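I have a structure I would like to understand better, so I am pasting it below and will then ask my questions one at a time.
The values are calculated or read from the model by the stated rules, or taken from the named source; none is laboratory data. Just so it is clear, the structure is predicted and the values come from calculations on it, not from any experiment. Cβ placement follows ideal geometry from the backbone for every residue including glycine, while neighbour counts extend to all protein chains displayed. The area values use the complete protein model at the heavy-atom level, side chains included, leaving out ligands, DNA and RNA. Shrake-Rupley method; radii C 1.70, N 1.55, O 1.52, S 1.80 Å.
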Amino acid sequence: MTDHPPSIDAALRRLVWPLRLTRLGMVAERAVRAFWPVWTILFMIFAALAFGVADALPALALWGMLLGALAGVIWVTVKGARRFILPSRAEALDRLDRTLPGRPITALIDRPAVGADDPASQSVWAAHVAQMAARVAEAHAPEPDLRISDRDPYGLRFVAATAFVMALVFGTVWRVGALGEAAVGPGAVVINGPSWEGWVEPPLYTGLPSLYLNDITQDAFEAPAGSRITLRFYGELGALSLRQSVMDAPPTEETDTTAAAQDLVLLRSGEVAIDGPNGRSWQISMVADQPPAVALEGEVTGVPPGQMQFTYIATDDYGVISGEAELVLNAEAADRRFGLAVDPEPRAALVLDLPMPFAGSRAEFSELLVEDLSQHPFANLPVTLTLNVVDDAGQIGTIRENIARLPGRRFFDPLANAIIEQRRDILWSRENAPRAAQILRAISHRPEGVFDDEGAYLMVRTAIRRLESGVDSLSAETRDQVAEILWNAALQLEEGNLADALERLRRAQDRLAEAMRQGASDEEIAQLMDELRQAMDDYMQQLAENAQPGEDRPDDGETMEMSMADLDEMLRRIEELMQQGRMAEAQEMLDALRQMMENMQITQGEGGDGPQTPGEQAMQDLQDTLRDQQDLSDDSFQELQDQFNPGRPNPQQDQQGQQNPQGQQNQPGQQPGQQGQEGQQGQQGRPGQPGQGGQSGPGEQTDQGEAGTPGGQPGQPGGQQGQGRGGENDGRSLAERQEDLRRQLEEQAFNLPGEGTEGGEAARQALEDAERAMDEAAEALGRGDLADALDSQSEAMEALREGMGELGRALAQDSGLEDPGQGQADGTAPADDRPLQDPLGRQAGNAGAFGSEEGFDQREEAFRRARELLDEIRRRSAEQDRPDIELDYLRRLLDQF
């Protein structure tokens, strides 16, 4: 070839390092393909020697193995050397060229065959060369192909590599260096005279490393019990001998203390000495393996409906490997009356495996055992609990505890409880079979009014027949079958499948009363209270669905109206009394609740034409003022947020847009989502008197809804032209609106009815407090202190609610009612009685008592909105980058609500 142009030479010079790396990769490829058997054999030999093959094989066998391995290495090395050829520069250049598109290296070396004198051809060729030179500049050495699976289809190289790594990690590398002595044999005389080496290997479960005796310079050291001591003597036989006192039995006459291999087990503290040239002596102190320990953490408790659980703590110096809990009937501690008066039949202990940690150390841990033993014969009887834990050395740690009652399912339905008691007696002893059959026959003699479930009745009768058919010789198999039948019958009676909500409610109340008599645990009480709450909710829902619009109630007696909050409070109080052990008081409250729920009526609000008395008019005006104050407080809070978050979207507007699914625009003074609804109220079965517009007394809040659309347009159900939010606020500042509300309240307080009565004066004083708080809020708004204004507005609303409550009680007393909670007893409300809402979306009653007048179908939505708003307040209060004044206000909101 002739000399290349400078541009081509520069491009080729860029290939120096890529070409070298490519050639080096080709060398690696050919070396691996040629010599992989060599390092495979070497790795296998090293692994075998590191794991002590040389010590285990006789000298002749070891020599044969070594000679065979050497011959194999020589053969594969010679064969590989014949096959290995160093790659040339041309081969490397061709490999690199084939990795580039268009083979640009060949193009740079070539010369045009024709057209060398044609300027046009030369121009085209120069452009082509320039393009190929640019590609050559991007050349990189290709990765070498080291795969040899076609030459090693069985993966022997991987086996050898794994064995080599295992030998490095777990083997003894110095054993490879002792190959020469092992090959010479124990009878050979070495140049340096007799020698020895030894190891102390602790038990594997200790996790401690091995000790090489040749490296220990101290005369004494410690080792765990059960450690294996291995000694090897090299040189002339008899030159070295062993003297030891670590074994239980002293060496006998037949023991060869001069043998080349000596193996000991450390069973006690003592001396190990090598007598002879270069001998050594060590005093070994045995570290005893302590037995494991186990203890109960707390008591054995029950988990409703029938599980037993306890927590145990296990400790050991190295680790616990297993454990078990053994339960044995403690007949002496049982109440030996009735069916338990006879001696119990022998029963094998109930053995449960203790749970162990899946990961982590087992030297000290705590675990929870949970088992459902409700159907076992030991359930609800005194037992002896024995916990056993075992360590790797086979040592056992034990504790024994007497359990007064093995937790199991308890039946609070009286009939189910009676059936379970007979099942217990049969399992206690088959001698109780005649007595149990007689009692079961008496229970099922007249099933009408006793058995709510026909299937349970049939199962009991089947059990009776089987008991009576084998009274003389009741087999264990028949006994177990009868026990299974009685269990299913009791379970069916206990859980029931009642379709009627009232029946479910009665059954839940009966079970709770039975739990009081049996002294149920706190967990069982909590479960039964949850069932009672669910049954009560279902019953109230059924009453609400069955109530007829416009249904009139009898008016020849008194009524006491209660909200769901009042019922929940009664349930909470019953549960609290039971947990305190005051069962008599709890039973009285439960009986009262039963009577109220059975007499409960749900009636529809009839709607009205507005307030009919001055008292009702005053109450309505105060409601409007409270509502307007709430609107103003919301607007103040909105402006406070806008000050610190300019440009933030208004979530209330978004919510309003979502709450108008029919595309209707809210009229001024109309809150979204407050369309005319007919309220519902829970009324105890004493017929009511005509309402007087009063506030329900303590514990007797009226659960009634709003009739009509607050602030709606004429023509809507119950609608009036509203005076609510947004209607008259255009162009007025917050301070001006607050001052207008203060004047409005001042006028309402001046014309307040009930003058001269205790309740009227209390209401007037509360309204004066509200007026003072409004004045302070107006001053704060005037100077731009929104946080103080919000606090004053909150005080004003609280005082307004208190004043409305006092006014309601005063009006009820003036109307001559015995109970102050009977105003508005017929469930009606003024047509423009718009519901008030606190910042969490809860609605207020006629006297400002929150959560007292909302229909059942609206409560869930209101609670959802309240939860969302409360979560949003919590989220914002957690953002520390917000201004301090806003964070302080948000925390005060959380403290209040």
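For segment 232-364, what is one quarter of the convex hull surface built on the Cα atoms, given in nm²?
On the way: hull surface 63.8 nm².
In nm², the orientation-averaged hull projection of segment 232-364 is 16.0.
Taking a quarter of the surface of the convex hull around the Cα atoms of segment 388-467, what do you get in nm²? Display every interim value, and only then the final one.
Working: hull surface 34.2 nm².
So the Cα hull casts an average projection of 8.5 nm².
Taking the Cα-to-Cβ direction at Glu768 and at Thr462 and moving 7 Å from each Cα, how far apart do the two end points lie in nm?
7.9
Could I ask something else about it? Roughly what would the spin-label model give for Asp568 and Val27, points 7 Å off Cα along C-beta, in nm?
8.4
Just need the Rg to Rh number for segment 320-362, please, alpha carbons only, Kirkwood Rh.
On the way: Rg = 16.9 Å, Rh = 13.4 Å.
In segment 320-362, Rg relative to Rh is 1.26.
Give me the net charge of Gln262's neighbourhood, meaning all other residues with Cβ under 13 Å from the Cβ of Gln262; Lys, Arg count +1, Asp, Glu -1.
Net of charged neighbours comes to -2.
What fraction, in whole percent, of alpha-carbon pairs in segment 1-102 exceed 23 Å separation?
On the way: 2716 of 5151 pairs.
Of the Cα pairs, 53 percent sit more than 23 Å apart.
Work out how much length Ile396 to Gln643 would gain on full extension: take 0.36 nm times their residue separation and subtract the Cα-Cα distance, in nm to one decimal.
Numbers: separation 247, 0.36 × 247 = 88.92 nm, distance 7.18 nm.
Difference between extended and current length: 81.7 nm.
Then there's this: With every protein chain in place, what's the accessible area of Ser374 (1.4 Å probe, Å², nearest 10)?
Approximately 10 Å² of Ser374 is accessible to the 1.4 Å probe.
What is the extension gain from Phe358 to Arg82, computed as 0.36 nm multiplied by their sequence separation minus the C-alpha to C-alpha distance, in nm to one decimal? Provide the component values of the computation, followed by the final result.
Numbers: separation 276, 0.36 × 276 = 99.36 nm, distance 5.59 nm.
My answer for the length gained is 93.8 nm.
Now a separate question. What figure in square angstrom, to the nearest 10, would you give for the accessible area of Leu368 with a 1.4 Å probe?
The accessible area of Leu368 comes to roughly 80 Å².
Still on this structure, I have one more. With a ≥ b ≥ c the root eigenvalues of the C-alpha gyration tensor of segment 293-370, is it rounded (a/c under 1.5), prolate (a/b larger than b/c) or oblate? It would help to have the intermediate numbers written out before the result.
Working: a/c = 2.99, a/b = 2.24, b/c = 1.33.
Taking the square roots of the gyration eigenvalues as a ≥ b ≥ c, segment 293-370 is prolate.
Return the long-range amide H neighbours of Ser322 (sequence gap of 5 or more, or a different chain), with a cut-off of under 5 Å between placed amide H atoms.
Val390
Ignoring ligands and nucleic acids, what accessible area does Leu21 show with a 1.4 Å probe (Å², nearest 10)?
90
Mind running the shape call on segment 754-812? Use the C-alpha gyration tensor, a ≥ b ≥ c as the square roots of the eigenvalues: rounded below 1.5 for a/c, prolate if a/b tops b/c, oblate otherwise. Before the final figure, lay out each step's value.
Numbers: a/c = 5.42, a/b = 2.95, b/c = 1.84.
Prolate is the answer for segment 754-812, as a/c is 1.5 or above and a/b outweighs b/c.
Which one, Val342, Ala331, Met356, is farthest towards the positive end of the dipole of segment 314-358 when Lys and Arg carry +1 and Asp and Glu -1 on their Cβ?
Working it through, the farthest residue towards the positive pole turns out to be Val342.
Next question, about the same structure. Quick one: go through segment 306-332 and flag any residue whose amide nitrogen is under 20 Å from the point 7 Å out along the Cα-to-Cβ line of Val351.
Residues 320-330 qualify, since their backbone N sits under 20 Å from the label point.
If r is the Cβ-Cβ distance from Gln518 to Arg867 and R0 is 41 Å, what FRET efficiency results, to the nearest 0.05?
Values: r = 37 Å, r/R0 = 0.91.
Calculated transfer efficiency: 0.65.
Which whole-Hz ³J(HN,Hα) couplings does segment 401-412 yield from phi under the Karplus relation 6.51 cos²θ - 1.76 cosθ + 1.60, θ = phi - 60°, glycine and proline marked x?
Listing the rounded values in order: 10, 8, 9, 5, 8, 6, x, x, 5, 10, 9, 9 Hz.
Same structure, new question: Provide Val73, Val16 ordered by accessible surface of protein heavy atoms (probe 1.4 Å), highest first.
Working: Val73 25, Val16 60 Å².
The ordering from most to least exposed comes out as Val16, Val73.
If you project the alpha carbons of segment 67-157 onto their three principal axes, what span does each projection cover, largest first, in Å?
Sorted largest first, the three principal extents are 74, 22, 19 Å.
For segment 337-425, which chymotrypsin sites (Phe, Trp or Tyr not before Pro) pass both filters: DSSP loop (anything but H, G, I, E, B) and at most 10 other C-beta atoms within 10 Å? Walk me through the numbers before you get to the answer.
On the way: sites: Phe338, Phe358, Phe365, Phe378, Phe411, Phe412; in loops: Phe358, Phe378, Phe411, Phe412.
For chymotrypsin sites (Phe, Trp or Tyr not before Pro) across segment 337-425 that sit outside H, G, I, E and B with at most 10 neighbouring Cβ atoms in 10 Å, the list reads Phe358.
For segment 780-810, list residues with backbone N below 19 Å from a point placed 7 Å from the Cα of Asp888 toward its Cβ?
Within reach of a label on Asp888: 780-796.
Can I ask one more? Counting only residues 5 or more places away or on other chains, whose amide H sits under 5 Å from the amide H of Asp317 once H atoms are built in the peptide plane?
Excluding prolines and chain starts, which carry no amide H, the hits are Gln290.
Sort Glu448, Glu879 from largest to smallest accessible area, using a 1.4 Å probe on the heavy atoms of the protein chains.
On the way: Glu448 145, Glu879 55 Å².
Output order, biggest surface exposure first: Glu448, Glu879.
Something else now. If you take the charge dipole of segment 7-52 about its Cα centre, with +1 on Lys and Arg Cβ and -1 on Asp and Glu Cβ, which of Val16, Met26, Pro37 is farthest toward its positive end?
Value computed over the given set: Val16.
Under the √(5λ) rule applied to the eigenvalues of the Cα gyration tensor, what semi-axes describe the equivalent ellipsoid of segment 14-165? Give them in Å, descending.
So the equivalent ellipsoid measures 53, 14, 10 Å along its semi-axes.
Moving to a separate point now. If each of Ala476 and Glu758 carries a label point 7 Å out from its Cα toward its Cβ, how far apart are those two points in nm?
7.6
Determine ³J(HN,Hα), in whole Hz, for all residues of segment 511-520 in sequence, where each value follows from phi through the Karplus function 6.51 cos²θ - 1.76 cosθ + 1.60 and θ = phi - 60°; x replaces Gly and Pro.
5, 5, 5, 5, 5, 4, 5, 8, x, 5
Ala333 label point, 7 Å along Cα→Cβ, cut-off 11 Å on backbone N: hits in segment 395-432?
400-407
Also, quick follow-up: List every residue whose amide H lies under 5 Å from the amide H of Trp196, counting only residues 5 or more places away in sequence or on a different chain, with H placed 1.01 Å from N in the peptide plane.
It is Tyr234, by chain and number.
Quick one: with all protein chains in place, what share of the accessible area of segment 281-384 is carbon or sulfur, to the nearest percent (1.4 Å probe)? Please report the intermediate quantities before stating the final value.
On the way: 2640 of 5170 Å².
Ligands and nucleic acids excluded, carbon and sulfur reach 51 percent.
Could I ask something else about it? For segment 331-377, give the magnitude of the charge dipole about the Cα centre (Cβ charges: +1 Lys/Arg, -1 Asp/Glu; no others), in debye to the nearest 20. Intermediate values should be presented prior to the final figure.
On the way: 4 positive and 9 negative charges, 16 e Å.
Roughly 80 debye, rounded to the nearest 20.
Does segment 317-428 come out rounded, prolate or oblate by the C-alpha gyration tensor, with a ≥ b ≥ c the root eigenvalues, rounded set by a/c under 1.5 and, if not, prolate when a/b is larger than b/c and oblate if not? Before the final figure, lay out each step's value.
Numbers: a/c = 3.49, a/b = 2.16, b/c = 1.62.
The shape class here is prolate.
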